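**Student:** Pasting a structure here, questions to come.
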Amino acid sequence: MSELYDKRPLTYLNKGVGPSFVQLMEMEPAFRTIAYFSMEIGVKKDIPTYAGGLGILAGDVLKSAADLGVPMVGITLLYKHGYFKQHINEEGRQIEEPHPPWDPEDKLFLLPNEVNVEIEGRPVYVRVWAYGVTGQTGYIVPIFFLDTDHDRNAPEDRSLSWHLYGGDLRYRLCQEMILGIGGLRILRSLGFYNLKTFHLNEGHAGFLALELLREQGYVDLRKIKEQVVFTSHTPVAAGHDYFPFELVEKTMSPVFVDYLKQMMPDGGVSMVDFGLRYSRYINAVSKKHRDVSRKLYNTENIDYITNGVHSNSWTSPNIKKLFDKHIPSWRNDPSRLVLAVKLPGNELWEAHQSNKMLLLSKVLEKTGIKLDPEILTIGFARRAVAYKRADLIFKDINRLIDICSGKVQLIFAGKAHALDEEGKSMIQRVIKTSKELSDKIPVVFLEDYDMELAALLTAGVDVWLNTPLRPREASGTSGMKCAHNGVLNLSILDGWWIEGWVEDVTGWAIGPEPREVDLVYYDDTKDAEVLYEVLERKVIPLYYQHHDRWLSMMKNCIALNASYFNTHRVVREYCEKAYNIHPRYY
């Protein structure tokens, strides 16, 4: 194929396919105005195109867009080998096992359209699979998955869409070219010519700006800026991708390289700079993250839209039944969860204990360890990176034993990136400590954390622990999932929790509110001591001695936090502030 993309009309796709795919054709390319680009998108466990919070958030945003009738499409890569499977060996070390390849034909529709992207002087052919996210009213938001694994490509090019966050810097550069350049070309081939907004969920798709520039004849960078929205999720510069020009010159077409040197005059390609320089609207993902980002990037041109979660996806079945009975309109309008303060306490506790039993059954299945449903259960599950400080609670083992022995059990989960030795060491320390404490405080680590396990944990523990280094937590979303299930948060005041925290009402704070935008705050000993004090003086006595007050806090965290920290509110804010449209089902 000599052209950049195959311009087959979308109506062609109705031939030879089932009725569910005909429904997908209601995507109406002429009426879609927003394209949402994300390196990972997680919509369900058995479509393993996500690694963590960024992908789950993207999936939740697209689900709410479907519920609200927002004219959006999603773009990501297919990742036939997904993210890795985590195994913990006898020494407590994380071992990364290849994710077994999954067959997209079972879940997605292969479309006949195809594009190519020039990589290292040769065309790499990209095909596309489609999945339809169906909203509460039947409105469909399609997600397009880009795939290089087919016969027209050389073996090294076929593998470019295999692994999420795998390979070296060149591999990552090629993937981001496919996402930004190939993604836009796929959309054009499918007939999406009326797109007004291209939303970059992080900077990975920044090369989209080059393709937009090519489309309009390399004339006016201002026209690009008018079309792009950028969301940053990282509060430190080192968290963004940076490609040296030596690598870029070997990989990209000469025309693109020439324009990149004009667009990025600083000696390399910073993907966050695409968003900062060439977007009409830029947002951080919490109020604190906005303040940190403005200082980090030396600009006031950064707004914030605090993250949320998709209420219908992360509310457990047991709690859903309760909401359906007492707040029947909550699925279409999660803000109605403010009425949760009136929920019958006994019914809420019964639903929670059912969730707890489901979690403890999974713990028994995965570890052989039988935990007690009557014991206060604290959960900690998220990406295993050093700044999250999963092992902070073990800072003073003797103090922890004095406070928690016979009263608390702990459940941990989380994956470290394959190249993150600090994160792997942290997991190993947690597992080592769990063995040392086994006769005093039950501690379990659940391997291979995924969407299914996240749902069980955020609904089944009693308290959700979060101990990041301030202000490294851009937002965080796991605590929001907990709030939807009446699980109380015990957290460092950072990210979203600064906005969601009301002491002794929605949960508890660890340490003081950080008032300075400081990227070097570090005091494990002090934070651990405050954590122990809160556990000893507040959390444990309340759980065992003041059941009615505990139930009241459960209701409050639903009413105050689940009603607000949801992606229906997030998408409405994007529509108002970034897209300049109104949802169809507002």
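Nothing in this text is a laboratory measurement; each read-out follows from the coordinates by a stated rule. Note that the structure is a prediction, hence the values are computed from the model and not measured. Reconstructed Cβ throughout: ideal geometry from the backbone, glycine too, with neighbour counts over all protein chains shown.
**Student:** Which of the GluC sites (Glu not before Pro) found in the stretch 256-362 are in a DSSP loop and have at most 16 neighbouring Cβ atoms, other than their own, within 10 Å?
**Tutor:** Glu300
**Student:** Could I ask something else about it? What residues qualify as long-range amide H neighbours of Glu118, i.e. H under 5 Å apart, gap of 5 or more or another chain, H built at 1.01 Å from N?
**Tutor:** Amide H to amide H, under 5 Å and 5 or more residues apart or across chains, Glu118 pairs with Val124.
**Student:** Applying the Karplus parametrisation 6.51 cos²θ - 1.76 cosθ + 1.60 with θ = phi - 60° to the phi angles of the stretch 483-495, what ³J(HN,Hα) value in whole Hz is obtained for each residue in order, glycine and proline being reported as x?
**Tutor:** These are the phi-based 3J(HN,Hα) values: 4, 5, 10, x, 8, 7, 9, 10, 8, 3, 7, 7, x Hz.
**Student:** Residue-wise, which Karplus ³J(HN,Hα) couplings in Hz belong to the stretch 131-140, taking 6.51 cos²θ - 1.76 cosθ + 1.60, θ = phi - 60°, and x for glycine or proline?
**Tutor:** Here the 3J(HN,Hα) series is 9, x, 8, 9, x, 4, 9, x, 5, 10 Hz.
**Student:** Could you give the length gained on full extension between Lys225 and Glu97, defined as 0.36 nm per residue of separation minus the Cα-Cα distance, in nm?
**Tutor:** Result for the pair: 41.9 nm of gain on full extension.
**Student:** Assigning unit charges at the beta carbon (Lys, Arg +1; Asp, Glu -1) and nothing else, what dipole magnitude in debye, to the nearest 20, does the chain show about its Cα centre?
**Tutor:** Around 1280 debye, computed over the chain.
**Student:** Only sites in a loop by DSSP and with at most 16 other Cβ atoms within 10 Å count here; which trypsin sites (Lys or Arg not before Pro) in the stretch 439-520 make the cut?
**Tutor:** Here the sparse-neighbourhood loop sites are Lys440, Arg515.
**Student:** Starting at the first residue of the stretch 240-251, write each ³J(HN,Hα) from the Karplus equation 6.51 cos²θ - 1.76 cosθ + 1.60 with θ = phi - 60°, in whole Hz, x for Gly and Pro.
**Tutor:** Each residue of the stretch 240-251 in turn: 9, 6, 9, 10, x, 5, 4, 6, 4, 5, 6, 9 Hz.
**Student:** Right, another one. Quick one: Glu176, Glu105, Glu215, fewest Cβ neighbours within 10 Å first, how do they rank?
**Tutor:** With the sparsest Cβ surroundings first, the list reads Glu105, Glu215, Glu176.
**Student:** In the chain, what is the volume of the convex hull around the alpha carbon atoms, normalised per residue and reported in Å³?
**Tutor:** Measuring per residue, one finds 142 Å³ for the Cα hull of the chain.
**Student:** OK, next. So for the stretch 103-198, what percent of the C-alpha to C-alpha distances run longer than 24 Å?
**Tutor:** Here the long-distance tail beyond 24 Å is 24 percent of all Cα pairs in the stretch 103-198.
**Student:** Which order do Leu446, Leu337 fall in if you start with the one that has the fewest other Cβ atoms within 10 Å?
**Tutor:** Placing the least packed residue first, the sequence is Leu446, Leu337.
**Student:** Sort 424-433, 93-102 for me by packing, meaning the mean count of neighbouring Cβ atoms within 10 Å per residue, highest on top.
**Tutor:** 424-433, 93-102
**Student:** So, in nm, how far is label Lys287 from label Arg122 when the simple model puts each one 7 Å beyond its Cα toward the Cβ?
**Tutor:** It is 5.4 nm.
**Student:** If a/c stays under 1.5 just call it rounded; otherwise compare a/b with b/c (prolate if a/b is bigger, oblate if not). Do that for the stretch 172-307, with a ≥ b ≥ c from the square roots of the Cα gyration tensor eigenvalues.
**Tutor:** oblate
**Student:** Another one. Which length gain, in nm to one decimal place, applies between Ala154 and Tyr193 when the Cα-Cα distance is subtracted from 0.36 nm times their residue separation?
**Tutor:** Extra length from Ala154 to Tyr193 when fully extended: 11.0 nm.
**Student:** Counting only DSSP beta bridges with both residues in the chain, tell me the antiparallel percent, nearest 5.
**Tutor:** Of all bridge pairs located within the chain, approximately 35 percent are antiparallel.
**Student:** Ratio of alpha-carbon Rg to the 2.2 N^0.38 Å globular estimate for the stretch 320-565, to two decimals, please.
**Tutor:** For the stretch 320-565, the normalised Cα radius of gyration is 0.97.
**Student:** Still on this structure: With Cβ to Cβ distances under 15 Å as the rule, what net charge do the other residues near Thr467 carry (K, R +1; D, E -1)?
**Tutor:** Residues close to Thr467 contribute a combined charge of 0.
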